[in-house]
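What follows is a short report on a single structure.
The values are calculated or read from the model by the stated rules, or taken from the named source; none is laboratory data. All figures in this text were calculated on a predicted structure; none of them were measured in a lab. Cβ placement follows ideal geometry from the backbone for every residue including glycine, while neighbour counts extend to all protein chains displayed. For the accessible areas, the whole protein counts, side chains as well, though only heavy atoms, and no ligand, DNA or RNA atoms are used. Shrake-Rupley method; radii C 1.70, N 1.55, O 1.52, S 1.80 Å.
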Amino acid sequence: MSDIKDATTADTAPTPDDALRMADAAEKKGPVLAADGRPLKQSLNRALRLQKLRALALVAPLLIFVLVTFIAPIADMLFRSVENEIVSETLPKTTAALEDWDAEGDTIPDEAVFEALYDDMFFAQEAKLHSRLGSRLNYEQTGVSSLFRKTGRSVEDMGEVFQDQFEDLDDFWKTGENWTSFMASDEWLADIQAWDADSGDRQPRFELRDGIDDILPATAESYTRFANYVRTEDEDNVYTEDPWAVIYSSFYDDLTRADAAAIAAYSGPAAEQIKSAATAATGFETIDYSEAFLDIDEDWHSIDVWRTIKIYSPKFTNGYFLNAIDMQKSIDGPELRPENERIYGILFWRTMVMSITITLSCILLGYPVAWILANLPARNANLLLILVLLPFWTSLLVRTSAWKVMLQQQGVINDTLVWLGLVATDDRLVLINNQTGTIIAMTHILLPFMILPMYSVMQTIQPTYLRAAKSLGATNWTAFWRVYFPQSIPGIGAGSILVFILAIGYYITPEIVGGTSGTFISNRIAYHISSSLNWGLGAALGAILLAAVLLLYYAYDKIVGIDNVKLG
Amino acid sequence: MVALTPISRTAPSFYVPVVAAFGAFFGVFIGTGQGSLLIGVIGGAVIMGALAFVMTKIIKNETASRWGLAVLVALAGFLLAGIPGLVIGTFFGWFFGFLTFWLYEGRYRAKLPPYLTPGQVLWHFTFRTICGAIFVFLITPILVVMPLSFNAENFFTFTPEMLRFDPAGYSLKHYRDFFTNDDWQNALRNSVQIAPVATLLSVSFGTLAAIGLSQPHVPFRRAIMAILISPMIVPLIISAAGMYFFYSRVGLQGTYIGVVLAHAALGIPFVIITVTATLVGFDRSLTRAAANMGANPVTTFFRVQMPLILPGVISGGLFAFITSFDEVVVVLFVGSAGQKTLPWQMFIGLREQISPTILAVATILVFISICLLTVVELLRRRSERLRGMSPS
């Protein structure tokens, strides 16, 4: 402030822009400072940032709560609609072996695939997973479920031919202790012998002996799977547990396929027994896995079954979504289902048409009511508003049961009509368990959601506009249509989107009054989740419905603004 | 409204045909009931037209003739259809007496602007009748449930005894069933255990977040709002399916906590909406003044802000409560038999075993909702008064 003189000491008289010039001078010298000596701008920014952080800190608990309890479940559902790990998890070897198989050709897979299938099915049936996979694949190919269950029962006996031969050859192969002596590492053997089952400690994790998987790769793999299963699922002692038949067949494969030199060079425990087994194995009786599976069920030689398994081997699939829009995966890519199997298109279409019908009838019934509420004196309007709010507050189940009571063949409406003689007793109207029932009941249930937004918009329309239009010579109709109606459109829009969003996702009311022809897509979703247990398809249908609703929600937010939702 | 229009008596050539037309309309029902439509229409028109003329021109005494007509029609109704006929007859007698003199004295024009043409007057009353019919549509289902819940039989419809107003046709047995049956009592207990806890969760988190959201500078306000409101928008069946999958992954499916968490999530949008609406009118200088006088933020919140937004918080809480108390889809999937709530039990009752106990429960629930509605309305007015807005 040194170069600007104070008015009292200045040579010239003070002028009004002194303050301005002083401020300019101050700016030239540097930023304006706050009380604590920091630049004001920085200080302000800091305060703003603190404010933002405080606001976020207040919102954060709820946001996290909603993300965990609500958004995560929705994300999980979306994930389930594409997830398909069950096939490759249950049949890991088979799906790997199937990769080279030409699904478009007309030959069934070769022996190697069937052998892999034997291994997989053996472990799957021990873990009781085969029937789950069977029902999964049954959604795509009818009959697979029973095929898998049947196979699961018989597959255990299939490999016993090797077990018997090895055990006949040498009693050494009979017991688990002997197997672990050369399959397991020395540390593990020491650990397992020191382990006390009653102590409550966990059984030590099985470890393969170094180098054994080079000589006996298939056996090592099967034995590891076996050991893990026995340890975690059966909770038996791996050390003493006698091996399953599947290990003998892997062992046979290893012995006959491995080069003799590797086995000859082996010098670890049980080397002698392995060598003698290797020489004897060449003369063993073998089995033809392909034929053995054919014996269990001839469907194993059906190319469709193998194509289904191959198509659904990837970890993720769009199969559920294709199903949800009446298509199916085939070997040449997605294709429409046959005419008589298409149900979801009809269901989506019906949901759409009925929701639109319900929305339109709500507009038709809600508009006059909203008008009269907005144009009556406040006291009367409040009284009538209670008639709208009471249904709004009454339990949904109460209203649905009321409609069930009213609409039945022996219900209140039919009884009244018969009593009045408008309908003959044996000719009662069918109002329930069809689309009529759903439309009537849902119109009633959703009507308040239409009236309330319309009412709040109409309250803001000045009645003088109408009078002005009439005094300018408009007829009643013109005044309404050209002046009042355009102003009430935001209310109609808000109410319609709200009602439509609520209608397309409705479950309870269609379930109770809709019968079979009046149900919505939601009822199908519920069916797949609780009855047919085809969760993936239910999730895919849900994802499509969710996408439709979110689109409408976005439109609602654009048109009305989500902040402007009013209740009551 | 004041009487705008001077009224005068109308000519018989106006009101007699109008009353006769009404008579013809109601004659349709009596005629079809008795077997002949045509006789009903003509008879109704002739009788009512003649009665209107007699009452206005010959008896002339309004009170006496209206009473007389009510008794006369009631008797006719009794002869035709017994006790129900008597009730309906009394109503129609009263209605026709009212209608005749309303038209005859010209009262129907009293509250309408004087410049309306007869056509506009007709439209005015037609429109009101249509609105009345819609209100009837809105309220009838709820009203019908109540008398039916006193049914002595296990029917979902009015029995002849009920229509004769025979005391034997009525009983409290469905209420007794509700209060003594273990299924219903368990369901009630579960509902009462789940809803308040869910409400408490959503109100406490929701109020805090609403206060945060109404601060002037909130980053990503729109996105956060969209996420918080989404439980209200996403169809319940999808929420239910997602929660079923996810909660069974984390071991909450079929547990009390799982249901409470699910219901709390569903109630949150209502709390957010009502509380932010209350905060719109909140004067920020009040909290600044409190801070200025040395109150710390917690004191400011509880002593200054909370009392002012309390009506909004409570009505948000009531919304959350009724959401949880009425909710059936999510609890069907997330809950197990141990969490069977009242709406779930009603749903089973409606779908499988048709038992009129549902109607008794429905009646009780209607009374609960009337109480809640009253509380919410009172709170809304109080809140508007507190914020200086006139109650509309």
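In sequence order, region A:394-405 has phi-based couplings of 6, 3, 4, 5, 4, 5, 5, 5, 4, 5, 4, 5 Hz under the Karplus curve 6.51 cos²θ - 1.76 cosθ + 1.60, θ = phi - 60°, and Gly or Pro positions carry x. Which FRET efficiency, nearest 0.05, do residue A:340 and residue A:47 yield, Cβ-Cβ r, R0 45 Å? Efficiency computed from Cβ-Cβ geometry: 0.05.
Note on region B:269-283 and region B:199-252: Cα centroid distance 16 Å, given to the nearest whole angstrom. Residue A:524 contributes an accessible area of around 70 Å² to the protein surface, as traced by a 1.4 Å probe with all chains present. Listed values for region B:299-315 are Karplus-derived 3J(HN,Hα) couplings in whole Hz (6.51 cos²θ - 1.76 cosθ + 1.60, θ = phi - 60°), namely 4, 4, 4, 7, 9, 10, 6, 4, x, 6, 8, 3, x, x, 5, 5, 6, and x replaces Gly and Pro. With one equal scatterer per alpha carbon and no solvent term, the Debye-computed log10 I(q)/I(0) for region A:194-264 at 0.14 1/Å reads -0.49. Among the residues of A:441-454, the average count of other protein chain beta-carbon atoms within 10 Å of the residue beta-carbon is 1. The simple spin-label model puts a point 7 Å past each Cα toward its Cβ; for residue B:9 and residue B:111 those points are separated by 2.5 nm. Would you mind pulling out the separation of the Cα centroids of region B:161-189 and region A:131-172, in Å? With region B:161-189 and region A:131-172 each reduced to a Cα centre, they are spaced 58 Å. Taking every residue in B:362-370 and counting other chain Cβ atoms within 10 Å of its Cβ, the average works out to 5. Against chain B, whose longest principal axis is taken from its Cα atoms, helix B:236-249 shows a tilt of about 30°. Computed from Cα atoms, the angle from the helix A:435-459 axis to the main principal axis of chain A rounds to 40 degrees.
Backbone amide hydrogens, once placed in the peptide plane, bring residue A:423 within less than 5 Å of A:418, excluding anything fewer than 5 places away on its chain. What is the calculated FRET efficiency for residue B:128 to residue B:371, with r their C-beta to C-beta distance and R₀ = 22 Å, to the nearest 0.05? Working from the Cβ atoms, E equals 0.10. Ranking A:559, A:331, A:445, B:322 by solvent-accessible area of protein heavy atoms (1.4 Å probe, all protein chains present), from largest to smallest, gives A:559, A:331, B:322, A:445. Residues of region A:168-187 with backbone nitrogen within less than 14 Å of a virtual label 7 Å along the Cα-to-Cβ line of residue A:276, please, listed as ranges. Under cut-off, by backbone N: A:168-174. If one takes the longest principal axis of the Cα atoms in chain A, at what angle in degrees, from 0 to 90 and to the nearest 10, does the Cα axis of helix A:378-393 lie? The answer is roughly 10 degrees. For region A:160-281, the alpha carbon positions stretch 44, 28, 21 Å along the principal axes, listed from largest to smallest.
Using C-alpha pairs under 8 Å with a sequence gap of at least 6, the mean separation divided by the residue count of chain A gives a relative contact order of 14 percent. With every protein chain in place and a 1.4 angstrom probe, the accessible-area ranking of A:226, B:26, largest first, reads B:26, A:226. Convex hull volume per residue, computed on the Cα atoms of region A:311-393, equals 153 Å³. Each Cα pair under 8 Å and six or more residues apart adds its sequence gap; the mean of these over the residue count of region A:79-222 is a relative contact order of 14 percent.
Within the P(r) computed for region B:1-59, what percentage of the Cα pairs occupies the region above 12 Å? When all Cα pairs of region B:1-59 are counted, 67 percent exceed 12 Å. Once you reduce region A:174-244 and region B:43-103 to the center of their Cα atoms, the two points are 99 Å from each other. Considering all different alpha carbon pairs of region B:181-386, the Kirkwood hydrodynamic radius works out to 18.5 Å. Site pair residue B:42 and residue A:484 shows an inter-label distance of 4.2 nm when each label is modelled 7 Å from Cα along Cα→Cβ. For region B:367-372, the Karplus equation 6.51 cos²θ - 1.76 cosθ + 1.60, evaluated at θ = phi - 60°, returns couplings of 5, 4, 5, 4, 4, 4 Hz by residue, with Gly and Pro reported as x. Taking a ≥ b ≥ c as the square roots of the eigenvalues of the Cα gyration tensor, chain B is classed as oblate, since a/c reaches at least 1.5 and a/b does not exceed b/c.
On a per residue basis, the convex hull of the C-alpha atoms belonging to region A:130-182 measures out at 99 Å³. Looking at the square roots a ≥ b ≥ c of the eigenvalues of the Cα gyration tensor of the protein assembly as shown, which shape do they give, rounded for a/c under 1.5, prolate if a/b is larger than b/c, or oblate? Oblate is the answer for the protein assembly as shown, as a/c is 1.5 or above yet b/c matches or exceeds a/b. Note on residue B:364: accessible area approximately 50 square angstrom, rounded to 10, probe 1.4 Å, nucleic acids and ligands left out. Once backbone amide H atoms are built at 1.01 Å from N, residue A:270 has no partners under 5 Å, excluding neighbours fewer than 5 places away on the same chain. How shielded is A:544-551 by partner chains, expressed as the average number of their Cβ atoms within 10 Å of its Cβ atoms? If you average over the peptide's residues, the count of other-chain Cβ atoms is 3. Volume of the convex hull of region B:107-200 (Cα atoms only), normalised per residue: 201 Å³. Where a ≥ b ≥ c are the square roots of the eigenvalues of the C-alpha gyration tensor, would you call chain A rounded, which needs a/c under 1.5, or, failing that, prolate if a/b is larger than b/c, or oblate? The shape class here is oblate. Across region B:12-115, counting alpha-carbon atoms alone, Rg and Dmax equal 14.0, 47 Å. Rolling a 1.4 Å probe across all protein chains gives residue A:329 an accessible area of roughly 60 Å².
Normalised Debye scattering of region B:77-120 at q = 0.34 Å⁻¹ gives log10 I(q)/I(0) of -1.04, counting only Cα atoms as equal scatterers and leaving out solvent.
When you restrict to C-alpha pairs under 8 Å that are six or more residues apart and normalise by the size of region B:181-386, the relative contact order lands at 34 percent. Sorting A:235, A:126 by accessible area puts them as A:235, A:126; the probe is 1.4 Å, largest comes first, and only protein heavy atoms count.
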